[in-house]
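Undergrad: The following block contains the structure, expressed as structure tokens.
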Amino acid sequence: MSDYIVEMKHITKRFPGIVANDDVSIGIKKGEIFALLGENGAGKSTLMSILSGMYEPDEGEVYIRGEKVQISSPNHAAKLNIGMVHQHFKLVPDYTITENIILGIEPMKRFAGIFPYVDIQSANRKIEELSKSFGLEVDPKKRITDLTVSMQQRVEILKVLYREAEILIFDEPTAVLTPQEIEFLLDIIEGLRQGGKTIILITHKLDEIKKVADRCAVLNKGKLIDVLDVKETSTNYMAQLMVGREVSFESAKTPAQMKDEVLKVENLTVKNEDGFEVVKDVSFSIRGGEIFAIAGVADNGQVEIADAIAGLTKVSSGKILLNEQDITDERIRKRTEAGISYIPEDRQSVGLILDFDVATNLALKQYYKEPFSRNGILNKEEFDQFGNRLIEKYDIRSGQGIQTQVRSMSGGNQQKAIIAREIELQSPLMIFVQPTRGVDIGAIENIHKMMIQERDKGKAILLVSLELDEIMDVADTIGVIYNGRLQKVASSESLTKNEVGEYMMGAKHG
Ligand SMILES: Nc1ncnc2c1ncn2[C@@H]1O[C@H](COP(=O)(O)OP(=O)(O)OP(=O)(O)O)[C@@H](O)[C@H]1O
Ligand SMILES: [Mg+2]
């Protein structure tokens, strides 16, 4: 018997135009937490999709508990006690938690010994037991649509545990979570390991790897670079190995040269669907050449402020002025034309049309205008040229260039595509909501550089982020929100990270 519960030997997987995994060999020991690190598009999700039966490799072999296997489907993987919590969740929104968890393996009973029916009762019971024993409390009868992202993730984890997984794969589980939720999840993962499970963790966050992982494999452009012992490796070295160059964790930034006011928000109040005030009487303004960041714990109204400015949410009272023009009740396209770029929080459902190619997605906000369209006729060449230029400039990596269907792109590269499209609009106001979610550290550095560059060109920038480090690093002015109210607005130099943290928790008032 070998030491390894999982062995992948000489795995190669090709997609049109790209080798996603190139002769990769790794071995994973029973009971360890094994991390996978690599740039956006390096092949992490692909490698794990092979292990979880979503893809078959073109070359190479997989051994589970020393036995050679050909994992032909996710069901087959489940029989081998392998389960994956995906980067983009795969839940049915209108189904309940229980219905989602038992999907495909419904426990059946027979009524009067003849008519088969699904035994929801016993499923509910089993799920409740599972959720208690792993600290993943849920209400099994709730529908997915009514759940927060972190709750949906719990469901995905329970789904895998319900199928009796021993080898659990987590694909960027913390990218969508708040710092508090991340702490919680890392504890859950640690607990699973102590219960004897084997964990594979994909993440871009080096401190998470440092905190929980035993070993870490580094991938670059499909190839395995090295497998590191985490305890004996610094995060700086990991970063360098993965990006292939030195990465600076702080942006170089000259003092802001602020110009005229671009955005003015006056006494803004926004209500949610239940009529509850989620933004309360908020006022602030942003000048050209200024990065204004809203800091806050998740769900304190910051995303609603951004949505209200962009026109995705209705304003219940107050005013929004863009270059002195009242846009409070304008339609979205009017606002875009008046000068707003918007990078939304949810890239898959709001930001992109997944079934369209990259070229179309990049031109999505300009296609009806010259030079993309003349007299109502679309000019394909313009789309292509534009797409190629942006791919180059923003380092968007994919298999088939502008023709790649966006759905097949890696998560981080989808994000880079949205950022490229929105920056290229060259709007006087650019709104970035969680712009570096799921993006690798090299690309984060680039995104911060670009934001500062646009600022220096005189754009007004609104940044909404849950990452306090990101805010402290790039913002000129910080507005701290708590419970829908701006607690404090001040220049970033005049605030320490600790102070911002206190305002965020509502412990301090401006
Ligand atoms: N179904 C597919 N069809 C075509 N190309 C694909 C498909 N899945 C992945 N690819 C390509 O394979 C490469 C590796 O993608 P993968 O999703 O494994 O990257 P990743 O390391 O997980 O990146 P990220 O950190 O951005 O999630 C990418 O260039 C991607 O475009
Ligand atoms: Mg991925």
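Undergrad: Kindly rank 387-393, 84-90, 459-465 from highest to lowest mean number of other beta carbons found within 10 Å of each residue.
TA: The most tightly packed comes first, giving 459-465, 84-90, 387-393.
Undergrad: Quote the accessible area belonging to residue 509 in square angstrom, nearest 10, computed with a 1.4 Å probe and with ligands, DNA and RNA left uncounted.
TA: 130
Undergrad: Something else: Taking only DSSP H segments of four or more residues, each worth -39500 (n - 2.57), what value at 222 nm results for the chain once the sum is divided by all its residues, to the nearest 500 deg cm²/dmol? All intermediate terms of the calculation are to be shown ahead of the outcome.
TA: Numbers: 16 runs with 162 residues, N = 510.
So the helix-based figure for the chain works out to -9500 deg cm²/dmol.
Undergrad: Provide the per-residue ³J(HN,Hα) series for the stretch 21-38, in order, calculated from phi with Karplus coefficients 6.51, -1.76, 1.60 and θ = phi - 60°, each as a whole number of Hz, with x at glycine and proline positions.
TA: 10, 10, 6, 8, 10, 9, x, 10, 8, 4, x, 9, 9, 10, 9, 10, 10, x
Undergrad: Could you compute how much accessible surface residue 187 exposes when probed at 1.4 Å, giving the result in Å² to the nearest 10?
TA: 100
Undergrad: Ordered by residue, what ³J(HN,Hα) values in Hz, to whole numbers, does the stretch 306-321 give under the Karplus form 6.51 cos²θ - 1.76 cosθ + 1.60, where θ = phi - 60° and Gly and Pro are x?
TA: 4, 5, 5, 5, 7, x, 8, 10, 7, 8, 8, 7, x, 9, 10, 10
Undergrad: Taking a threshold of 21 Å on the Cα-Cα distance, which of the pairs 30/211; 280/497; 280/319 fall above it?
TA: Working: 30/211 19 Å; 280/497 24 Å; 280/319 13 Å.
As for pairs spanning more than 21 Å Cα to Cα, those are 280/497.
Undergrad: Under 5 Å between amide H atoms, partner at least 5 residues away or on a different chain: which partners does residue 84 have, H built in plane at 1.01 Å?
TA: Amide H neighbours of residue 84: 169.
Undergrad: Related question: Treating cross-link reach as a plain straight distance, find the lysines whose alpha-carbon is under 16 Å from the alpha-carbon of residue 459, omitting any fewer than eight places away in the same chain.
TA: 253, 259, 264, 449
Undergrad: What lysines sit close enough to residue 221 to cross-link, taking a C-alpha to C-alpha distance under 18 Å and skipping anything fewer than 8 places away on the same chain?
TA: Candidates past the 8-residue exclusion: 9, 13, 44, 416.
Undergrad: Report the antiparallel proportion of the DSSP beta bridges in the stretch 301-458 as a percent, rounded to a multiple of 5.
TA: If we restrict to bridges inside the stretch 301-458, about 55 percent are antiparallel.
Undergrad: For a test of the definition: using alpha carbon positions, the gyration tensor, and the 1.5 limit on a/c, classify the stretch 261-504 as rounded, prolate or oblate.
TA: Working: a/c = 1.87, a/b = 1.47, b/c = 1.27.
The shape class here is prolate.
Undergrad: Which whole-Hz ³J(HN,Hα) couplings does the stretch 110-120 yield from phi under the Karplus relation 6.51 cos²θ - 1.76 cosθ + 1.60, θ = phi - 60°, glycine and proline marked x?
TA: 3J(HN,Hα) across the stretch 110-120, in whole Hz: 10, 8, 6, x, 10, 7, x, 8, 7, 8, 4.
Undergrad: Return the distance in nm (one decimal) between the two label points of a simple spin-label model at residue 407 and residue 180, each offset 7 Å from Cα along Cα→Cβ.
TA: Reported label-point gap for residue 407 and residue 180 is 3.7 nm.
Undergrad: While we're looking at this one, here's another question. Need one word for the chain: rounded, prolate or oblate. Basis is the Cα gyration tensor (sqrt eigenvalues a ≥ b ≥ c); a/c below 1.5 gives rounded, then a/b vs b/c decides. Could you put the intermediate results ahead of the total?
TA: Values: a/c = 1.63, a/b = 1.44, b/c = 1.13.
Judged from the Cα gyration tensor, the chain comes out prolate (a/c at least 1.5, a/b above b/c).
Undergrad: Please list the non-local residues whose amide H lies under 5 Å from the amide H of residue 30, H modeled 1.01 Å from N, same-chain partners needing a gap of 5 or more.
TA: Here 5 satisfy the definition.
Undergrad: Which shape class applies to the stretch 4-243: rounded if a/c is under 1.5, otherwise prolate when a/b exceeds b/c and oblate if not, where a ≥ b ≥ c are the square roots of the Cα gyration tensor eigenvalues? Write out the running numbers ahead of the final one.
TA: Numbers: a/c = 2.02, a/b = 1.51, b/c = 1.34.
Prolate, because a/c is 1.5 or more and a/b exceeds b/c.
Undergrad: DSSP beta bridges in the stretch 4-243, what fraction antiparallel, as a percent rounded to 5? Please report the intermediate quantities before stating the final value.
TA: Working: 27 of 45 bridges.
Given both bridge residues lie in the stretch 4-243, the antiparallel proportion sits at roughly 60 percent.
Undergrad: Here's another thing I want to ask about it. What percentages, rounded to whole numbers, describe P(r) for the stretch 212-361 computed over all alpha carbon pairs with 5 Å bin width beginning at zero?
TA: Bins of 5 Å from zero give 2, 7, 12, 13, 13, 11, 12, 10, 8, 8, 3, 0 percent of pairs.
Undergrad: While we're here: For residue 55, enumerate residues with amide H under 5 Å from its amide H, sequence gap 5+ or separate chain, H modeled in the peptide plane.
TA: Correct list: 50.
Undergrad: I would also like to ask the following. Under 12 Å between alpha carbons, and skipping anything fewer than 8 positions from residue 197 in its own chain: which aspartates and glutamates qualify?
TA: Partners within reach: 32, 164, 166.
Undergrad: Just from the alpha-carbon atoms, what are the Rg and Dmax of the stretch 321-374 in angstroms?
TA: Looking at the stretch 321-374, its Cα Rg and Dmax stand at 13.2, 38 Å.
The values are calculated or read from the model by the stated rules, or taken from the named source; none is laboratory data. Keep in mind that this is a model prediction, so the values were computed, not measured. Don't worry about glycine lacking a Cβ; one is built from the backbone with ideal geometry, like all the others, and counts go over all protein chains shown. Please note that ligands, DNA and RNA were not included when accessible areas were found on the heavy atoms of the full protein model with its side chains. Shrake-Rupley method; radii C 1.70, N 1.55, O 1.52, S 1.80 Å.
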